[in-house]
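To keep things clear, I will list the structure first and then write my remarks on it.
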Amino acid sequence: MNASDPNIRPVRAQIRQLDDAAANRIAAGEVVERPASAIKELVENAIDAAAKRIEISYGDGGKTMLRVCDDGYGIAADQLELALSRHATSKIDGSDLMNIHTFGFRGEALPSLGAVGRLTITSRAEGSDGAAMISVNGGRQEPVRPAALSKGTVVELRDLFHATPARLKFLRTDRAEAQAIIGVVKRLAMAEPSIGFTLRDVSGGGEGRIVFRVDPQSGDLFDALHGRLAKILGADFAANALQIDAERDGISITGYASLPTYSRGSAVAQYMFVNGRPVKDKLFYGAIRGAYSDFLHRDRHPALALFLECEPALVDVNVHPAKSEVRFRDPGQARGLIVSALRHALAGAGHRASTTVSDATLGAFRTENRPVAPVYQMEQRPSGMALSRAFAAQQPAFEEATTAFSGRVEQALHEPVADQPLGAARAQIHENYIIAQTPDGMIIVDQHAAHERLVYEKLKRQMADNGVASQALLIPEIVELSPERHAQLLGVAADLAGFGLMIEDFGGTAIAMRETPAILGQVNAAAMVRDICDELADLDQTQTIKDRIEAILSRVACHGSIRSGRIMRAEEMNALLREMEATPHSGQCNHGRPTYVELKLSDIERLFGRT
Ligand code: ADP
Ligand code: MG
């Protein structure tokens, strides 16, 4: 028998009203996905209650315990039961859903949390002479009783999802859940500079360990925000950030955005808020990309914190209970304002687009991939061995190997063009572009992009063989990190060792970098560590191990590459060209940009109107 058997019909059951416990459990499915979402609801409640200081604790990634204490206006004893019933809220009266100025308004969080864990609320309403508490466990409520608390509200949630093992199974590791909690708290802390936040991990018992802490900021709006962002995004960010302040047609945008030179390898440091609510919305990402497109490559991302404010009627934050997406009544207007506010700030900083070649001219340049050897052949080429070896080794050795040729530089530049796909180097211009002559045209190579790709391919090959060869640093580099990055990085220390990167805990939130991949030569360890952290934060857990390794290697390779600005000798340039020919995928850099462009003689003739 199966479902399509015509003799089997679903039995028509009576329509019934679900009881509160069932309704709350269903609502909880939407509101509480993981410990971080519970924290978000509770901290938002504290902010709505005008708290000045909020203390948050979690145990075991929030799975066993979550607690939010605030010094806000509290809940009166005779309202505690009501606070726990569905659709009970003090924030709206239901008459004007288009005009919501608080985080909360659904009246769903507390009953939902009570349905999926052991919830206790202790509170003392402003002006009342005592505190009271109420507990609810798996939807079953206990009577309100007196309690001791001098001010505000403490909400504690234990054993989240203990009654729904299926949900429990979907939670990630304690560390991953803790990361999510930290992310939520930081976002809210950015939006509320005047409120102090303390986040503690109390897994070990006792007072616990402070994971994050910011004191209330004083000063005007921008001063307070700048100070708060310096604490959360780092002093570097604050020093490199431009103030954003624009307003048009009832929408305002304020915040700080980084100079293009302070870009990151991923969008991890982009924080957006609409009417104080943290959002992750495509509209913003697109607008930011658009605003920076003249200044940054597609794969580099500015760091920023932007706060859009408008009449609640102009935006629908009701799209999803977790409320991280928004719907603007006029998305074009919001996008336009963001783009112009950012561009205006960037222009004010004296940075300008450097595109001077017309599209028509650029169109004549080809980026098609030359046929290159399908496998890595460098070691098999007897000719040019010294040069190849110089490339394979570190950069100082590279320099040495080439000085021997210095007497022949002039001559090399006039050597006949052999039948090599990438031709013979003729010049280096603007200290980054190699001009090479091919039998039927010319090639311009971006030396940094090209070399980056070669280093990356080499790292990949070493990885596949016996691991990346490393070299000890004379003096270990000490790098200060944020507490969560510190923990995250140490968590993958063993994996990084496989890349030739030896890091150790250096006490506090610092790490010591002791060894780096030999192939990279001298690197800026702090910058490399920051990039690796970005990559780790950005990595998609569903990516294959291989993809993740490659993503990190690619990031590492960038740090070992010939910088633009380095003067290259003819021999070095030719060695680079030959190695590109011998290396798979060398036609594009690690970020998908071409490493060289080609101009055929016929194209040149076309440019001069000769044909
Ligand atoms: P909502 O926030 O959507 O109103 P909740 O279920 O989160 O719904 O909370 C219900 C009500 O309980 C709130 O409207 C508020 O009156 C009260 N409340 C919750 N948390 C706090 C708190 N930390 N301080 C003061 N009142 C609170
Ligand atoms: Mg709420």
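The numbers here are math on the coordinates, done by the rules we state, and not lab data. Quick caveat, the model's predicted, so the values are computed rather than measured. A quick note on method: Cβ atoms are made from the backbone with ideal geometry, for glycine too, and the neighbour counts reach across all protein chains shown.
Structural remarks
- Exposure proxy ranking, count of Cβ atoms within 10 Å, fewest first, for TYR292, TYR596, TYR262: TYR262, TYR292, TYR596
- Using the Cβ-Cβ distance between ALA163 and LYS282 with R0 = 35 Å, the FRET efficiency computed as 1/(1 + (r/R0)^6) comes to roughly 0.45.
- Reachable aspartates and glutamates, given that their alpha-carbon falls under 19 Å from the alpha-carbon of LYS600 and they are not under 8 places away in the same chain: ASP359, GLU368, ASP419, ASP440, ASP446, GLU581
- Entries of LYS280/LYS460; LYS231/LYS280; LYS169/LYS231 with Cα pairs more than 25 Å apart: LYS280/LYS460; LYS169/LYS231
- Calculated FRET efficiency, ARG16 to ALA76, Cβ-Cβ distance, R0 = 35 Å: about 0.55 to the nearest 0.05.
- Note on LYS151: aspartates and glutamates with a C-alpha under 12 Å away, same-chain residues under 8 apart excluded, are ASP70, ASP71, GLU126, ASP129.
- Only lysines eight or more places from LYS282 in sequence, or on another chain, were considered; those with a Cα closer than 23 Å are LYS40, LYS186, LYS323.
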